[in-house]
Every structure is written in C-alpha cells, then in structure tokens.
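Worksheet for the structure shown next.
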Amino acid sequence: MTQNNPRQQQQQIEPSSIRVPGLVVREQPRINRIQFIFDEQPSEDICRILKNHAFRWSRHEDAWQRQLSVTSRKLAVKVLLEIQELAKAKSGAGVGE
C-alpha cells in the first residue's frame with residue numbers, strides 16, 4: 001500500500017543538518033521545526049538576528065527554532081549569512097562570542 005498522506009511522508013524523512021563552526025542548522029520534520037543549535041550561548045547580537053526572523057528559543061529542544069516551511073528554510077539561510085557576516089565584522093571572533 002502506498003502512503004499518499006504528505007504528513008506521513010514528511011514524518012518519515014530523516015532530519016537534515018548543516019554544520020558550520022559554532023553551530024548546527026537542523027531540520028526536524030518529526031516536530032515540524034527548523035532549528036539553530038549553538039555550541040555555546042550565542043551573543044545578544046545573534047539572538048537579535050534570530051528574533052528578527054521569527055526564531056524563538058525552546059528550552060525543551062535547547063535550540064532556536066521556528067515552524068518548518070519553505071519560507072523558514074530561506075530565512076535560515078539568510079540568518080546563517082547574517083551570523084557569518086557578524087562574526088567577520090568582529091574580526092574573526094567565534095560565532096557564540
């Protein structure tokens with residue numbers, strides 16, 4: 001029997017992730033979220049960037065996250081680029097600093 005229910009198909013997809021120094025960006029289809037997971041506590045500037053793009057802190061997941069969608073995927077890339085630009089502007093400081 002085939003599974004035509006898109007929700008069931010989405011739940012079967014394994015989480016995908018991108019690792020960059022200091023953090024992981026991970027899709028979690030099981031909970032319908034895209035997450036930023038930092039190695040260390042992010043700076044206020046990084047938290048502000050995340051908040052400005054509707055990411056919220058989840059203490060249960062220990063991650064900054066928002067609902068998984070096409071838009072959230074695009075915004076995650078934008079946030080990641082902004083975080084990397086911020087790190088460059090701070091002359092090579094780590095992502096969480």
(1) over 26 Å from Lys90 (Cβ atoms); (2) modelled with pLDDT of 95 or more: which one isn't true of Ile13, the others all being true?
(2)
Failed item, numbered, when Ile31 is tested on (1) out of contact with any strand residue (DSSP E or B) (no Cβ under 9 Å at 6 or more places or on another chain); (2) among the β-branched types (Val, Ile, Thr); (3) modelled with pLDDT of 95 or more:
(1)
Of all residues being part of a helix (DSSP H, G or I), touching a residue at least 24 places away in the same chain (Cβ under 8 Å) and hydrophobic (A, V, I, L, M, F, W, C) in region 66-82, which is surrounded by the fewest Cβ atoms within 10 Å (Cβ to Cβ)? Just the residue, please.
Leu80
Might you check whether a residue that is surrounded by fewer than 13 Cβ atoms within 10 Å (Cβ to Cβ), outside any helix (DSSP H, G or I) and in contact (Cβ under 8 Å) with a residue 24 or more places away in the chain occurs anywhere in region 51-59?
no
Go through region 40-50 residue by residue and tally those that are of a type in the set (S, T, N, Q) and either outside any loop (DSSP other than H, G, I, E, B) or more than 15 Å from Val24 (Cα to Cα) (or both).
1
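The values are calculated or read from the model by the stated rules, or taken from the named source; none is laboratory data. The structure presented is a predicted model; accordingly, all values stated were derived computationally and were not measured. Positions of Cβ are generated from backbone atoms using ideal geometry, with glycine treated the same way; all protein chains shown enter the neighbour counts.
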